[in-house]
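The values are calculated or read from the model by the stated rules, or taken from the named source; none is laboratory data. Since the model is a prediction, treat every value here as computed from it, not as a measurement. With ideal geometry, Cβ positions are generated from the backbone for all residues, glycine too; neighbour counts draw on all protein chains shown. All accessible areas refer to the heavy atoms of the entire protein, side chains included, with ligands and DNA or RNA removed. Shrake-Rupley method; radii C 1.70, N 1.55, O 1.52, S 1.80 Å.
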Amino acid sequence: MARFSALALLAVPWLLLMSLVSGDAVGDLQTKGRAALDAALAKSKTCTKEKLQVRREWGDITVAERKAYITAMLCLMSKPSKLDNSKFPGAQNRYDDFVVVHMNQTLTIHGTGNFLSWHRYYTWAMERALREECGYTGTQPYWDWGRWAQDPEKSPIFDGSETSMSGNGKKISHRGTAFAPMGNGGGCVETGPFKNMTVRLGPLSVAVDPAPARNPRADGYGNNPRCLRRDISNQLSSKYGRTQDIVSLINNARTIGNFQDMMQSNNGVHNTGHFTIAGDPGGDFYISPNDPAFWLHHGMIDRTWYIWQLQDFPNRQQVIAGGTSMMGFGSRLQSLSDPVDLGVVGPRAYKISELVSTVEGPFCYVYE
């Protein structure tokens, strides 16, 4: 009996920990807030239950759905660019158009009051392009960082199979950077559907070793063809991208300013996701959308904001904090009436106030 009691006592801390952070504690918070979302949906002027679309994690969609998403991505990379080639010679296809838009606005969409709303619209615009220009019938998948935090290379997202977003880069001799420790690759991606992808824009903010060749233009818009490179590791994800880290962000950030600052801090989930992929262009602040995995990462960024909003939905939509340039240096405060304009990749400009709910404005989707 004494031995049993001692073992039971030793198990108590572990059981308490498990009760505090379950395997899908993020999903639990999502479920907890769904009633508030459904109430907003019932009042929406633009979104209905019949139109509502559901976004799911890459590991939860079927093989056929993954293939359809990949096929649509490759299709977009085969479509001609809609940009002026004399101004943006590196934009050779429609996918490149999205990269140029991000490059153009990088310094006014990070560390700003529009970071979340801009990227929500941007990710939705990619989903829309895949559907309208390439016949995709699914929704934008996301990458649940916590689910694969311990070994992202073995996840169905990065395992290098034909139903993945391609694998790690070839293992080469290289060093880590100030932003990301040395990973298990560093070279060209040689597995999966995007192994033959050509990156043309940038670099502009080099965060990979060895550095890629310089762009023929100082602004990074020149044609600079090279392979897609990755340097995936778990060194950041296993410390800062775990389920408990996401839960902590959602539960401990009481204001939109706190939430944004925690998310975009050096060890926040935003940087952690980007530099878990790392490489070129994934580790370049300006051209990171040029890595196809960017969209799954920002699907999860949007989902995390969505779940944070759901915890107090009526009071967490029309709220804003931050300036209009990176970290607010020398800029005015961002306003909910400020426009978000994606140029050739968005249907039109929207006010930030129109982009703060996934069941209002142009949006009609939920996460599961």
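So, ALA218, is that one among the hydrophobic types (A, V, I, L, M, F, W, C), out of contact with any Lys or Arg (no Cβ under 9 Å at 6 or more places or on another chain), modelled with pLDDT under 95 and assigned to a loop (DSSP other than H, G, I, E, B) or not? No; evaluated as a whole, the condition is false for this residue. Would you confirm, using the coordinates I've provided, whether LEU249 is buried (at least 18 other Cβ atoms within 10 Å of the Cβ) and in contact with a strand residue (DSSP E or B) (Cβ under 9 Å, 6 or more places away or on another chain)? Criteria not met by LEU249.
Scanning region 161-192 for residues that are surrounded by 17 or more Cβ atoms within 10 Å (Cβ to Cβ) and closer than 30 Å to GLU368 by Cβ gives THR163, SER164, MET165, SER166, GLY167, ASN168, VAL189, THR191, GLY192. Could we say that PRO314 is closer than 30 Å to GLU133 by Cα and surrounded by fewer than 17 Cβ atoms within 10 Å (Cβ to Cβ) here? Judged against the criteria, PRO314 is not a match. Just one of the listed residues (GLY283, GLY257) is part of a loop (DSSP other than H, G, I, E, B) and open to solvent by less than 50 Å² (accessible area, probe 1.4 Å), and it is GLY283. In region 108-135, the residue that is most open to solvent (accessible area, probe 1.4 Å) out of those that are over 30 Å from ASP261 (Cβ atoms), of a type in the set (D, E, K, R) and out of contact with any Gly (no Cβ under 9 Å at 6 or more places or on another chain) is GLU132. Annotation note: Cβ proximity below 8 Å between a residue of region 177-204 that is without any contact (Cβ under 8 Å) to a residue 12 or more places away in the chain and a residue that is open to solvent by 50 Å² or more (accessible area, probe 1.4 Å) and in a loop (DSSP other than H, G, I, E, B) (sequence gap 6+ or interchain) occurs for no pair. On the given criteria, is ARG56 open to solvent by 70 Å² or more (accessible area, probe 1.4 Å) and at pLDDT below 95? Judged against the criteria, ARG56 is not a match.
Scanning region 336-359 for residues that are among the small types (Gly, Ala, Ser) and either touching a residue at least 40 places away in the same chain (Cβ under 8 Å) or farther than 14 Å from GLY113 by Cα (or both) returns GLY343, GLY346, ALA349, SER357.
The conditions of being more than 13 Å from the chain's Cα centre (by Cα) and either more than 16 Å from ALA180 (Cα to Cα) or at pLDDT 95 or above (or both) are met by PRO339.
One residue is enough: does region 263-271 have a residue meeting the conditions part of a loop (DSSP other than H, G, I, E, B) and open to solvent by less than 10 Å² (accessible area, probe 1.4 Å)? Checked against the condition, which is being part of a loop (DSSP other than H, G, I, E, B) and open to solvent by less than 10 Å² (accessible area, probe 1.4 Å), region 263-271 yields at least one hit. Selection over region 66-94 of residues that are under 21 Å from the mean Cα position of the chain (by Cα), over 15 Å from GLN140 (Cα atoms) and buried (at least 21 other Cβ atoms within 10 Å of the Cβ) gives a count of 1.
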